[in-house]
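Visitor: Once you've had a glance at the structure underneath, I'll fire off some questions.
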Amino acid sequence: MKKFIGILTVLILMFSFITVNGDKLEGIKAEAQIGFDKSYKPGFVTPVFITLENDLKDIDGEIQIELPSDERTGGVNTITLYAMGINHPKGTTKKYTMNVPLPSSLLNVKFKVVEGKKTLYERYIRIDKRIPEETVVIGILSDDGDSLNYLNGFTLKSISNNFATKNIKLGEDTFPASLDVMENFSMLIINDFDTSKLSEDQYETLKKWVEQGGYLLIGTGSRGSKTLSIFKDDFITGKRGEVLRLSGDTLGAFVDDEFNKPIDIMNINLEDGEIIASQGDIPFIQKLDKGNGIIVINSFDMALEPISSWKLNKYFAELIFEKTAPNIFTGSRFEKFLFGRGYNWNIENALKNIPELPLPNYSGIIFLFIIYIILAAPVSYLILKKIDKRELMWGAVPILSFIFAIIIYLSGLSTRITEPLVNTVSLIYCDERGVAEAKAFGGIFTPKRTNLKVEGLGDVGLKPFASYNYYVNSDMQDYEGRRVSTKYILSPKPSIEFYDMGVWSMKTFSMDIKAPLEGNIKGDIQFIDSSFKGSIENNLGLNLKDCIVVTTNEYFELGDLEAGQRIEVGSQGRNSYSNGYELMDQIYGNVYPSGGIQDKDEIEKIRFNNQRRNILSYYFDSQVQRVQGIKLIGWSEVPVAENILVNGQNLKRYDSTLIIANLKLSQGEDN
């Protein structure tokens, strides 16, 4: 009986603890939803939508989400912490969105409200649905998303496979304002939605997402004016006429069906658009190439009659996609784009390789060791034997060891690292229109155990650069007693705090660049009589080194291209290659050269070339197919992101920037 009472008492106390820390604590109540429609895709950045009701006091602190880390320190699992600064008055309810990467097989995350070192509230948030990695996610932006339910079960047909899809309903409150979150979606359908409700950040995210390979399908018709209301800039240009009542024969012919019901058609003529289906001079379906992505404009509403009740409406939508999808969807390497794209081991290796760091003089050290061995063994022994003092060997050898240790230490002072340093890798994608995209990554190397806080100044934001797609074992699901290894502060000013960094270790991160360089690379190349002729002009404001021009299967070297310089193309010798790896072997040599290497300059050159190989491999890995058209590849030591503080100071840093420029290519009249 006593044992039963004791157990009951413990259970009551445990229930009380769970109640206090679970749903409400002294006037704080929180509701949270992880992902879109309570779903998330491993390997991608996932939004966590939080509604916080505060009846406790004015809170000037943080909301935090704890995740198990893939790091292990001393055999102990650690925690990665994501935090957002809040100023939440008493008696108010506010909504927050935290964008965090979620690993595979995670059951829950820990949510906390803290002020200083005091925890005001904490609870576990259950993760409900995990979207399979091979599933294509389609965003539906509509005021009446249910009217497009016929798209459920949509099948994406690729050359190599057929992929299932999942539709996610979006609104102005849930539409991503972050490109990292937007990358969850491969397709976006906008129909019967007032796009003017989107914020400026959301619209800029939409445009960048399309230009980097997204597929945007817009339905118009009688409600097209509100659907197109935000597109007032040059992102989509053309002429918009009145709404006409026409026969649906054109749509029926698209799928070999007798479909002649009347339908409302908005008379739209896109500038530089390709007509996929039309009736006379009235376009019904148009396609517009935008960067690496595609915009498709349907001149009809996809949710109204007669489309909504058409027996072939799903097949019709699938056929539109098949006829208009970009290569990123139909190419044989599409599978790679279904997985997380935040981390790449080539960039990790490039950051950890700092060719500029001086290396010890290996030949000198080997020579000193040889001299030491000679003096410590035969020479000292023979000398002491000659003077009959061989018993002094016990003291002579340690003394020689001490002397040579000091000599080796002094010889290595020039290569000694005593303070942390920063290494950055940047990539710039541009053409004659200007810089289309810029990416930057950083790594901090420290020679001693320490804590570091990294901050970006101005327009430089910081975010994680790590593998999100690691598997969480059952022993990693327990958060209690775990040490925090890294803290990412998402807002108001993004920063990263690394705790208890190990000796001779490096931590990496990604940088968000909002204001890339101005200028362009202007190239006008013609293919005449089986040779390339023309000119390339560098208006990017950077001095470019070791430039090459690359086509699908050939390349030729240009050398250095100074800022403002114009160089003629045509006399350079051309070299052929079969794939990106062979190209890099020809330019930078083999990663693992054969034969012994003793020369210090030769070692430095190999390290330098290997770093460039890693950066260029990252570019080739990001391509759907082989190099298309003709491109300029060049290098600079000027970083894209300049302002980084570590523990409030500017550290010594090394920078390497890859420039990829699309050049204009045309054929001569006789080719």
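Visitor: Be a star and scan region 226-240 for residues whose amide nitrogen sits under 16 Å from the point 7 Å along the Cα-to-Cβ vector of D144.
Guide: Taking a point 7 Å out along Cα→Cβ of D144, the residues of region 226-240 whose backbone N falls under 16 Å are 226-227.
Visitor: How would region 208-306 be classified by its alpha-carbon gyration tensor: rounded, prolate or oblate, with rounded meaning a/c under 1.5 and the a/b versus b/c comparison settling the rest?
Guide: prolate
Visitor: Over the heavy atoms of E554, what accessible area does a 1.4 Å probe trace out, to the nearest 10 Å²?
Guide: So the heavy atoms of E554 present about 50 Å² to solvent.
Visitor: Same structure again: For region 130-279, taking Cα atoms only, what is the radius of gyration to one decimal and the Dmax to the nearest whole Å?
Guide: 16.3, 45
Visitor: Counting only protein chains, not ligands or nucleic acids, how are E53, E518 ordered by accessible area (probe 1.4 Å), most first?
Guide: E518, E53
Visitor: Roughly how many Å is it from the Cα centre of region 480-511 to that of region 139-208, as a whole number?
Guide: That distance is 33 Å.
Visitor: Right, something else. Give me the percent of the accessible area of region 195-261 that comes from carbon and sulfur atoms, probe 1.4 Å, all protein chains in place.
Guide: Carbon-and-sulfur percentage of accessible area, whole number: 42.
Visitor: Continuing with this model, one more query. Taking the Cβ of G541 as the center, what net charge do the other residues with Cβ under 14 Å away carry, scoring Lys and Arg +1 and Asp and Glu -1?
Guide: Net charge around G541: -4.
Visitor: Can you give me the orientation-averaged projected area of the convex hull built on the Cα atoms of region 600-650, in nm²?
Guide: 6.2
Visitor: As a test of reading the structure, rank Y409, Y577 by solvent-accessible area (1.4 Å probe, protein chains only), most first.
Guide: Accessible-area ranking of Y409, Y577, largest first: Y409, Y577.
Visitor: Along region 166-173, what does the Karplus equation 6.51 cos²θ - 1.76 cosθ + 1.60 (θ = phi - 60°) give for ³J(HN,Hα), rounded to whole Hz, x for Gly and Pro?
Guide: 9, 8, 10, 7, 10, x, 5, 7
Visitor: In angstroms, what radius of gyration and Dmax does region 478-553 have, counting Cα atoms only?
Guide: Here Rg and the maximum Cα pair distance are 23.2, 72 Å.
Visitor: Now for a separate question. With the other protein chains left in place, how much accessible area per residue, in square angstrom, belongs to region 494-591 at a 1.4 angstrom probe?
Guide: Result: 47 Å² per residue.
Visitor: Separate question: Calculate, for K533 and S199, the FRET efficiency according to 1/(1 + (r/R0)^6) with r their C-beta to C-beta distance and R0 45 Å; round to the nearest 0.05.
Guide: After rounding to 0.05, the efficiency reads 0.40.
Visitor: Let me ask another. For the pair K323 and A377, how long in nm is the line joining their label points, each one 7 Å along Cα→Cβ?
Guide: Roughly 8.3 nm, to one decimal.
Visitor: Taking amide hydrogens as modeled 1.01 Å from N in the peptide plane, which residues meet the under 5 Å criterion relative to I59, leaving out close sequence neighbours?
Guide: For I59, the qualifying residues are H88, K90.
Visitor: Same structure, new question: If I stretch the segment between N579 and R566 completely, what's the gain in nm (0.36 nm per residue apart, minus their alpha carbon distance), one decimal?
Guide: Extra length from N579 to R566 when fully extended: 1.8 nm.
The values are calculated or read from the model by the stated rules, or taken from the named source; none is laboratory data. Owing to the predicted nature of the structure, the values given are computational and were not obtained by experimental measurement. In this analysis, Cβ positions are derived from the backbone assuming ideal geometry, glycine residues included, and neighbour counts consider all displayed protein chains. These area figures cover heavy atoms from the full protein model, side chains too; ligands, DNA and RNA do not enter into them. Shrake-Rupley method; radii C 1.70, N 1.55, O 1.52, S 1.80 Å.
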